[in-house]
Amino acid sequence: MNLNSRSGSWCSCFDFHRAKGNSVERRTLPGPDYFDPAIFELDREQIFFRSWVMVGLSEQAEKPGQWFRVDVVGESILIMRGQDMKLRGFYNVCRHRGSRLREEESGTENGALACPYHDWCYSFEGALVATPRVEKDEINRDAHGLRPVHLDEWQGCVFVNLDRETPVSLREWIGNVNPDMLTYERYDMGSLRMTSKSEFVVEANWKIVIENYCECLHCPSVHPELVELIPAYKTGWVFDPARDDGGVNSTSRNYGPATAANIALMPTVSEDDANSVYGGTIFPNCFIDIAATGVVISQVMPVSATSTRISSMYMFHPNSIAAPDFDASTLIAFSDMVTNQDNSVCERAQRGVTSRSFADGGVYPEKDEYVWQFNQQYLQSRDAR
Ligand code: FES
Ligand SMILES: [Fe+2]
């Protein structure tokens, strides 16, 4: 997806006009940052195990005992709803001999979560509650509940943080990495429901995927259909320089051509917003595109140094979904086409950056402002502590 990529004012101190006229040349990351296994290991440890990482939607586990599993760059995590209706996150690892507890994508437990190896049972809140064939006082059950991860929710999205230290709250994190995203709370995205999810595996480093989202210099050449919908993108800017709210005018009220769907506006959309689209990233692995009829929430998860999974979740208001003529298939097909166009150039970039000739990287013009900002955010996190 690349409806709008205003990655926000993370670096508020930066005056990007300063770089005009090439007085300060901005460089991309060096080539090896996109494929070197040692850098990927740093990305796992420093970025993905120390940030709030988007892992799914609150609606994926609605009832007590319901859970879904997510792979956070090699760490399998279970997100499960407790009897108290709270969502929690746990390492998907039994405290007895380390068996993986669940291999399926999702499920609902009856009474307790039992390990398939020796039947040790955990409550929905993660406490070790039964150890069959083992005397009760042999093991200190209180000390061997499932290992938790930090979990927080925002606008219907679930984030986990694997940091051993207590992190800042998710909302504070979002306010730090992209305060513009907090202004989109006016859409009350938590009231929306997912009608479908599109999954993509891109043979490119995760940073190439995010960088591509953060710029629109490629839009006229890569997305000829999209720029007809959003004429401002023909200029190569990811936002409309004539507006000061980060929005872009669209000829359509949804993600596809105006004729593609007959979906009601979300009830939270003001008249001003009816013909606008907004979007942005939440560092490190989420981007959200907002149109007047619905929202696409995308989760980016590295699979390896050179492979990335993108899950795009299509969200609409329950009233829209309940309408007898609700049909989002054409706009989803349009949006998936745009994503495939993006993925194709990301893979092309990946093949290029491995060249020895790119070891010192490339160069950013002014319209790559948000790509550069993402890189600064990345380097600051990667090289911290
Ligand atoms: S490894 Fe889970 S019960 Fe033994
Ligand atoms: Fe794009």
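What the table shows:
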{"item": "Positions within segment 296-313 being open to solvent by less than 30 Å² (accessible area, probe 1.4 Å) and under 13 Å from the mean Cα position of the chain (by Cα), in sequence order", "result": "Val296, Ile297, Ser298, Gln299, Val300, Met301, Pro302, Thr308, Ile310, Ser311, Ser312, Met313"}
{"item": "Subset of segment 142-177 [open to solvent by 50 Å² or more (accessible area, probe 1.4 Å) and free of Cβ contacts under 8 Å to residues at least 60 places away in the same chain]", "result": "Asp142, Ala143, His144, Arg147, Arg164, Glu165, Thr166, Val168, Ser169, Arg171, Glu172"}
{"item": "Flag for Asp137 being assigned by TED's automatic domain parsing to the domain that holds Leu101 and either in a loop (DSSP other than H, G, I, E, B) or of a type in the set (Phe, Trp, Tyr) (or both)", "result": "yes"}
{"item": "Any hit, segment 178-189, residues being surrounded by 18 or more Cβ atoms within 10 Å (Cβ to Cβ), in a loop (DSSP other than H, G, I, E, B) and among the hydrophobic types (A, V, I, L, M, F, W, C)", "result": "no"}
{"item": "Residue selected from segment 251-292 under the condition among the hydroxyl-bearing types (Ser, Thr, Tyr) and out of contact with any Leu (no Cβ under 6 Å at 6 or more places or on another chain), by the criterion most open to solvent (accessible area, probe 1.4 Å)", "result": "Thr259"}
{"item": "Residue within segment 198-206 that is open to solvent by 30 Å² or more (accessible area, probe 1.4 Å), in contact with a helix residue (DSSP H, G or I) (Cβ under 6 Å, 6 or more places away or on another chain) and either more than 23 Å from Ala333 (Cβ to Cβ) or at pLDDT 95 or above (or both) present", "result": "yes"}
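Condition check ((1) in contact with an Asp or Glu (Cβ under 6 Å, 6 or more places away or on another chain); (2) outside any loop (DSSP other than H, G, I, E, B)) across all residues:
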| residue | (1), (2) |
| --- | --- |
| Val209 | no, yes |
| Asn212 | yes, yes |
| Glu225 | no, yes |
| Glu228 | no, yes |
| Tyr233 | no, yes |
| Trp237 | no, no |
| Pro241 | no, no |
| Asp245 | no, no |
| Tyr255 | no, no |
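The values are calculated or read from the model by the stated rules, or taken from the named source; none is laboratory data. Quantities reported herein were computed from a predicted structural model and do not represent experimental measurements. All Cβ positions, even for glycine, are placed from backbone atoms using ideal geometry, and neighbour counts span all protein chains on display. Keep in mind that these areas ignore ligands, DNA and RNA; they rest on the heavy atoms of the full protein, side chains included. Shrake-Rupley method; radii C 1.70, N 1.55, O 1.52, S 1.80 Å.
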